[in-house]
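Read the structure below first, then the notes.
Nothing in this text is a laboratory measurement; each read-out follows from the coordinates by a stated rule. From a predicted model like this one, the values you see are computed outputs, not experimental measurements. Note that we place each Cβ from the backbone using ideal geometry, even for glycine, and neighbour counts take in every protein chain shown.
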Amino acid sequence: MTKLIAGNWKMNGSLAANEGLLSALASGLPKSLSCDVAVCIPAPYFAQFQALFATMPALALVALGSQDVSSQSAGAFTGEVSATMLRDFACRYAIVGHSERRQYHGETDFLVAAKAQQALAVGITPIVCVGETLAEREAGQTTEVVKRQLAAVIHANGHCISEIVLAYEPVWAIGTGKTASPEEAQAVHAVLRAQLAAATEHASRVKIIYGGSMNAANASTLLAQPDIDGGLIGGASLKAGDFLSIISAAS
Ligand code: PEP
């Protein structure tokens, strides 16, 4: 399966910094790629991305993604951004259920499932994040937690579940420099693949990507695992050289 390398810029960037990062990416990318690449950037910069996209042909290899989407389609929801608005900017992906949103914004499994539904309804691929905290891992609850999080999304989305990208992101590995070992990550990815297989005959085509301190040094061993179909990259996606190395490890 074609791997997906998606950068999650989080709340980082400025007009000047984005232009520098995107032009460094554009000049470092090969002419063609054998993996899919996306950058999930802060929404206020979508128009800038589109303008740069028009002037930097190499960026055609990079899809635009958002870091969130509303669970509602329109109306009196101050501060929210709808899936249709994302589509206006040719957004290809929307991260939903990132642990930072579950943790700091109280997002529930139910809400995350509704967000995935909104994205799918307009043809945007939700990158659905699941993952356990350190306390949950230490209590032996990893499988139970990720299965519960995925079950809500399966329940709400039925056969469309084959259209999602699933990201396993152990919370203890995000932004900490601690990475799940390739074996630990693969074990959870296999559990998730089996859960998808019980819900859809197309489970083998669902990309299950890993996120949590993936970097230029550890990407190739993680990506060599049979059920690791790419990476969701936070910190390392802000450094063009590191992000390009991860892309090359996936190609
Ligand atoms: C993330 O935010 O999705 C992530 C994986 O971050 P980092 O790579 O910095 O751990």
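Data table
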quantity: Peptide ranges 196-205, 80-89 listed from the most packed, as the mean C-beta count within 10 angstrom indicates; calculated: 80-89, 196-205
quantity: FRET efficiency estimate (nearest 0.05) - Cβ-Cβ, Ala121 to Met1, R0 22 angstrom; calculated: 0.35
quantity: Label-to-label distance, nm, for residues given as Lys31 and Leu15 (7 Å Cα→Cβ offset); calculated: 3.5 nm
quantity: Violating pairs (Cα-Cα greater than 31 angstrom) within the set Lys10/Lys207; Lys31/Lys147; Lys31/Lys115; Lys31/Lys178; calculated: Lys31/Lys147; Lys31/Lys115; Lys31/Lys178
quantity: DSSP bridge pairs, the stretch 4-250: antiparallel proportion in percent, nearest 5; calculated: 0 percent
quantity: Fraction in percent of alpha-carbon pairs per bin - 10 Å, the chain; calculated: 8, 34, 38, 18, 2, 0
quantity: Cα lying deepest toward the dipole's positive end in the stretch 4-250, options Asn8, Ile154, Val128, charges on Cβ; calculated: Asn8
quantity: Only Lys, Arg (+1) and Asp, Glu (-1) charged, at Cβ; the chain dipole about Cα centre in debye; calculated: 360 debye
